[in-house]
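Chemist: The structure is given below, and queries will be raised subsequently.
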Amino acid sequence: ESRTNATKFFKLRWQPTDSWVSNLALEWNQRASDSEFFAGKNYQIRERVLEPSGSWLPTPAFSLELRYRYSVQEDQLQAEDFRAQAHELSLETGWNKDSQTNLEQRFSYVKMDFVGQANSPVGFAMLNGLQPGNNLIWNLSLNRQLGRNLQLQLSYEGRKTGIARVVHLGRAQV
């Protein structure tokens with residue numbers, strides 16, 4: 001079994017003032033999986049991505065970013081038609097109290113239009129753990145330097161995918 005990934009990209013950054021930054025990213029991705037014994041696991045996905053974003057940094061301690069990501073994916077190998085189109089809108093904030101404390105938050109809405117069998121290997125690769133329809137993803141993380149060689153990391157993640165129930169996940173690390 002083998003997997004390959006190839007990416008070509010173009011990124012543009014424009015900073016009209018010290019507190020405003022605009023970015024534009026274009027990507028062309030090719031992902032493939034080849035299984036010798038399971039033909040259903042074979043795929044060759046072509047993806048095109050457009051991702052504009054804007055950031056506002058009013059102070060060195062606070063940042064706010066709004067990002068939109070549009071992607072189109074097509075499987076070029078299967079006899080069955082597999083296509084995905086995703087619209088993702090994200091809002092991300094960051095706050096640094098000092099060099100020892102960092103708080104980050106992100107909220108994303110993803111509208112996923114998908115044609116094909118979602119519970120197949122190709123569908124799983126295209127959907128990236130999301131479901132066709134409306135998806136919500138959010139996370140919150142806190143990093144704190146407690147000492148010279150000691151750091152505390154707390155994170156919370158939540159997701160509401162398609163018609164599935166909300167999933168909550170928390171992590172702590174010292």
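Chemist: Collect the residues in segment 92-133 that are touching a strand residue (DSSP E or B) at 6+ places or on another chain (Cβ under 7 Å), under 28 Å from ARG31 (Cα atoms) and of a type in the set (A, V, I, L, M, F, W, C), keeping them in residue-number order.
Modeler: PHE107, VAL110, MET112, PHE114, VAL115, VAL122, ALA125, MET126, LEU127, LEU130
Chemist: Got a number for residues in segment 130-166 being hydrophobic (A, V, I, L, M, F, W, C) and within 17 Å of the chain's Cα centre (by Cα)?
Modeler: Residues in segment 130-166 being hydrophobic (A, V, I, L, M, F, W, C) and within 17 Å of the chain's Cα centre (by Cα): 5 in total.
Chemist: Ok, one more. Can you tell me which residue is farthest from ARG159 (Cα to Cα) among those in segment 45-104 that are of a type in the set (Val, Ile, Thr) and more than 15 Å from the chain's Cα centre (by Cα)?
Modeler: Restricting to residues being of a type in the set (Val, Ile, Thr) and more than 15 Å from the chain's Cα centre (by Cα), the top hit is THR59.
Chemist: Just name the residue that is least open to solvent (accessible area, probe 1.4 Å) out of those in segment 1-14 that are of a type outside the set (Lys, Arg) and modelled with pLDDT of 90 or more.
Modeler: Within segment 1-14, the match that is least open to solvent (accessible area, probe 1.4 Å) is ALA6.
Chemist: Next up: Can you pull out every residue in segment 158-174 that is out of contact with any strand residue (DSSP E or B) (no Cβ under 8 Å at 6 or more places or on another chain) and either modelled with pLDDT under 90 or surrounded by 15 or more Cβ atoms within 10 Å (Cβ to Cβ) (or both)?
Modeler: Within segment 158-174, just ALA164 meets the criteria.
Chemist: To continue, here is another question. So, in segment 15-31, of the ones that are farther than 16 Å from TYR68 by Cβ and part of a strand (DSSP E or B), which residue ends up least open to solvent (accessible area, probe 1.4 Å)?
Modeler: Among those that are farther than 16 Å from TYR68 by Cβ and part of a strand (DSSP E or B), it is ASN29.
Chemist: Read through the list (1) farther than 18 Å from LEU127 by Cα; (2) modelled with pLDDT of 95 or more, then give the number of the only condition that TRP28 fails.
Modeler: The one condition TRP28 does not meet is (1).
The values are calculated or read from the model by the stated rules, or taken from the named source; none is laboratory data. Values in this document were obtained by computation on a predicted structure and should not be read as measured data. Positions of Cβ are generated from backbone atoms using ideal geometry, with glycine treated the same way; all protein chains shown enter the neighbour counts. Side chains are part of the model used for accessible areas, which takes the heavy atoms of the whole protein and leaves out ligands, DNA and RNA. Shrake-Rupley method; radii C 1.70, N 1.55, O 1.52, S 1.80 Å.
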